[in-house]
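Enquirer: The following block contains the structure, expressed as structure tokens.
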Amino acid sequence: MPSDESQRPIIVRRVKKVAGGHHGGAWKIAYADFVTAMMAFFLLMWLLGSTSQGDLKGIADYFSTPLKVALSGGSGSGDSSHIIKGGGRDLTRLEGQVKNGDIEAARRTVNLKAAQQELARVEKQKLSELQGRLVDLIEATPALKQFKRQLLIDITMDGLRIQIVDEQNRPMFAIGSATLQPYTRDILREIAKVLNDVPYRLSISGHTDANQYSGGERGYSNWELSADRANASRRELMAGGLDEKKIARVIGLSSSVLFDPENPRGAINRRISIVVMNKRAEEAATRSSVSVTIEKASDLSTDMVNSEDKSNDKGAVQ
């Protein structure tokens, strides 16, 4: 059978050519993701290397602690009593687990009585040392050693007491006056050098015997004399270098506190008493405990006028 060339199909082959052996752009995306991941990894390593251990632990606990427990407290998934384990440790429990966060410092209880006893013991020890220094000073100073029988030093409940007493033939003041004898000035000035170094304040009191002035108590009496002698002693201590702020009080007690009650007119009752006060005695001496209440100013004015009238009448009678 003869072939019909006109009926044969024509097949056209098209070849698609790729220039330069290209494989597309998908690899660029993968490479960019890899580089980004590596950069993030090295950034993370740098941050971990430059962060302290405490901060790292805080960050770890932040991510391991449930948000509800972190904000409001209470039992969390890390609690030992919780059924489902996991998460961080409990922030609120003190027993059985370690509490993270602010922990209140343990309260200290102070035994006030024991503290006061310890303070008294330390003060007594310091005053005993001061007593030893004064005794050594008296023994080492010829001007004081000859008067050591008239320098009495002891420790009382108020502190260290130094008494400068009279002897029958060797008084510390001129008879009946507040004039210091020369050797009394030397004694006070030597004592002042030692007393100025201690952290305690002083009480100075003057005492007399029971002998009275001829004018009686209405004129210049033993009360004024004892106060004047105490002030004269204060001035001499300050002349010896004693700081004025160390003196807490200066008082005159007349013959109300006798050294020898069996012999009220004895010379030993005439004395100056210097007390290096402990803290309790100092507080008692400096604390103001006197309060005066005035109900009406008019009543006060009336009382003052009446008092002046009585004084004028008494002066007119005398």
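Enquirer: Kindly check whether there is at least one residue in the stretch 171-183 that is in a strand (DSSP E or B), under 18 Å from Val275 (Cβ atoms), at pLDDT 85 or above and open to solvent by less than 60 Å² (accessible area, probe 1.4 Å).
Expert: Within the stretch 171-183, none of the residues are in a strand (DSSP E or B), under 18 Å from Val275 (Cβ atoms), at pLDDT 85 or above and open to solvent by less than 60 Å² (accessible area, probe 1.4 Å).
A quick yes/no check of all residues on (1) assigned to a helix (DSSP H, G or I); (2) farther than 23 Å from Ile272 by Cβ; (3) modelled with pLDDT under 85:
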| residue | (1), (2), (3) |
| --- | --- |
| Asn100 | no, yes, yes |
| Arg108 | no, yes, yes |
| Gln116 | yes, yes, yes |
| Gln131 | yes, no, no |
| Leu152 | no, no, no |
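Enquirer: Only residues that are modelled with pLDDT under 90 and open to solvent by 40 Å² or more (accessible area, probe 1.4 Å): list them for the stretch 191-209, please.
Expert: Result: Lys193, Asn196, Asp197, Pro199.
Enquirer: Which condition number in (1) in a helix (DSSP H, G or I); (2) at pLDDT 90 or above; (3) charged (D, E, K, R) is the one that Glu308 fails?
Expert: Exception for Glu308: condition (2).
Enquirer: In the stretch 213-238, how many are in a loop (DSSP other than H, G, I, E, B) and surrounded by 14 or more Cβ atoms within 10 Å (Cβ to Cβ)?
Expert: The total comes to 2.
Enquirer: Restricting attention to the stretch 219-229, does a residue exist that is touching a strand residue (DSSP E or B) at 6+ places or on another chain (Cβ under 7 Å) and under 22 Å from Val194 (Cβ atoms)?
Expert: yes
Enquirer: Let me ask you something else. Cβ-Cβ under 9 Å, sequence separation 6+ or interchain: first residue in the stretch 269-294 and open to solvent by 40 Å² or more (accessible area, probe 1.4 Å) and at pLDDT below 85, partner in a strand (DSSP E or B) and of a type in the set (Ser, Thr, Tyr). Which pairs?
Expert: Here the result reads none, with nothing in the stretch 269-294 linked to a residue that is in a strand (DSSP E or B) and of a type in the set (Ser, Thr, Tyr).
The values are calculated or read from the model by the stated rules, or taken from the named source; none is laboratory data. The model shown is predicted, which means the values in this text are computed figures rather than measured ones. Don't worry about glycine lacking a Cβ; one is built from the backbone with ideal geometry, like all the others, and counts go over all protein chains shown. Each accessible area value is taken on the protein alone, full model and side chains, heavy atoms only, with ligands, DNA and RNA left out. Shrake-Rupley method; radii C 1.70, N 1.55, O 1.52, S 1.80 Å.
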